[in-house]
1. Scan the stretch 141-161 for residues that are modelled with pLDDT of 90 or more and either assigned to a helix (DSSP H, G or I) or aromatic (Phe, Trp, Tyr) (or both) and jot them down.
2. Need the failing condition index for residue 197 against (1) modelled with pLDDT of 95 or more; (2) under 17 Å from the mean Cα position of the chain (by Cα), just the number.
3. Please state which of the following conditions residue 286 fails to meet, knowing it meets all the rest: (1) touching a residue at least 40 places away in the same chain (Cβ under 8 Å); (2) of a type in the set (Phe, Trp, Tyr); (3) touching a Ser or Thr at 6+ places or on another chain (Cβ under 8 Å).
4. From the list 239, 295, 243, which one is within 19 Å of residue 23 (Cβ to Cβ), in contact with a helix residue (DSSP H, G or I) (Cβ under 9 Å, 6 or more places away or on another chain), in a helix (DSSP H, G or I) and not hydroxyl-bearing (Ser, Thr, Tyr)?
5. Which numbered condition in (1) closer than 26 Å to residue 73 by Cβ; (2) surrounded by 19 or more Cβ atoms within 10 Å (Cβ to Cβ); (3) not aliphatic (A, V, I, L, M) is the only one that residue 153 fails?
6. Can you spot a residue in the stretch 105-114 that is surrounded by fewer than 22 Cβ atoms within 10 Å (Cβ to Cβ) and closer than 26 Å to residue 201 by Cβ?
7. Answer yes if at least one residue in the stretch 214-224 is exposed (fewer than 15 other Cβ atoms within 10 Å of the Cβ), small (Gly, Ala, Ser), without any contact (Cβ under 8 Å) to a residue 60 or more places away in the chain and part of a loop (DSSP other than H, G, I, E, B), and no otherwise.
8. State whether the residues of the stretch 3-12 include one that is part of a helix (DSSP H, G or I), of a type in the set (A, V, I, L, M) and buried (at least 24 other Cβ atoms within 10 Å of the Cβ).
Amino acid sequence: MAEKIEVNSLKAWFLGIRPTSLGGSLMTVLVGAGLAHGYAPEQFSWTIAIMCWLFAWCMHIAANLINDVVDFNRGLDKSDPERIDRIYANGLITKKVAYTTTAVCLVLGCLIGLGILYIVWPHLLWGGWEILLMGAIVVLCTFLYSTTFAYHGLGDLAVLLCFGLIPVCGTFYVLTYTVTWDAVWASIVAGCSIDTLLIVNNYRDRDEDPAAGKHTSVAILGEPFGRYLYLIAGLACVLMIVLLYLDGAISWIGLLYSAIPYFVLHVGSWIKLNRIREGNDLNVIYYESPRNFTLLGVLLTIALW
């Protein structure tokens, strides 16, 4: 597969940004925006919501590219034609292009973030410093995830922070100028559902990761922990949706059509994970997990809206 793709081509770059994973950052903004519209529809701004989405995508793409380069440089990723997402390890993109693209995404993301701050600054509770702090944490985690967190069992916490609490609550905050417990519950839904992608990735690579010095939570705590962590993450999402219903953020109909489809799909993926357990056959769950959480994000957004 690798030799059929031209080096530094648009297709190679497209594979490198891992488009199947980008539903995660889109979901965080959708959920935060949906909750904001339900909370204060009269002040909802499409401009700010779209800017939040673009910021999230820029940072997510940068993180994916950094992760690809760091894992190869540390000896974790080897050339593997069956793993077409490993564009750097497979020689499909050069170091210069990888670094340049990463820098462009980071700069563009920061400019978009400053644009959001400029628009909402007069309405903020703490003078805009809170937005700068959240942005700085996201940029910092973009680098630290691949270089530190992922190698010391902290990847799951980083996902909950940067694909849950900060983007969902942050989007809600710049659209409503406040933060509620419902925003926290919704952020846990986003963070836990997106973390399933990391969990299955770590589960698949649990044997080879420690050899390269990468000690993920699954590698540290063992194979059974990884299997059941995947299930528990999905169940936590359903529990948070129930809390959103109890708080009045969604109707009982919204509860049913957002929680039940996701629960069925998630449990189905978990059953497959239990049956397969190892090898590249686990890639089917790796690709099903983004499908599951993207659908959840869309349905929950509709329910919150």
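The values are calculated or read from the model by the stated rules, or taken from the named source; none is laboratory data. Please read these numbers as outputs of a predicted model, since none were measured by experiment. In this analysis, Cβ positions are derived from the backbone assuming ideal geometry, glycine residues included, and neighbour counts consider all displayed protein chains.
1. 155, 156, 157, 158, 159, 160, 161, listed by residue number.
2. Of everything listed in (1) modelled with pLDDT of 95 or more; (2) under 17 Å from the mean Cα position of the chain (by Cα), residue 197 misses just condition (1).
3. (3)
4. None of the others qualify; the one that does is 295.
5. (2)
6. yes
7. Within the stretch 214-224, one or more residues are exposed (fewer than 15 other Cβ atoms within 10 Å of the Cβ), small (Gly, Ala, Ser), without any contact (Cβ under 8 Å) to a residue 60 or more places away in the chain and part of a loop (DSSP other than H, G, I, E, B).
8. no
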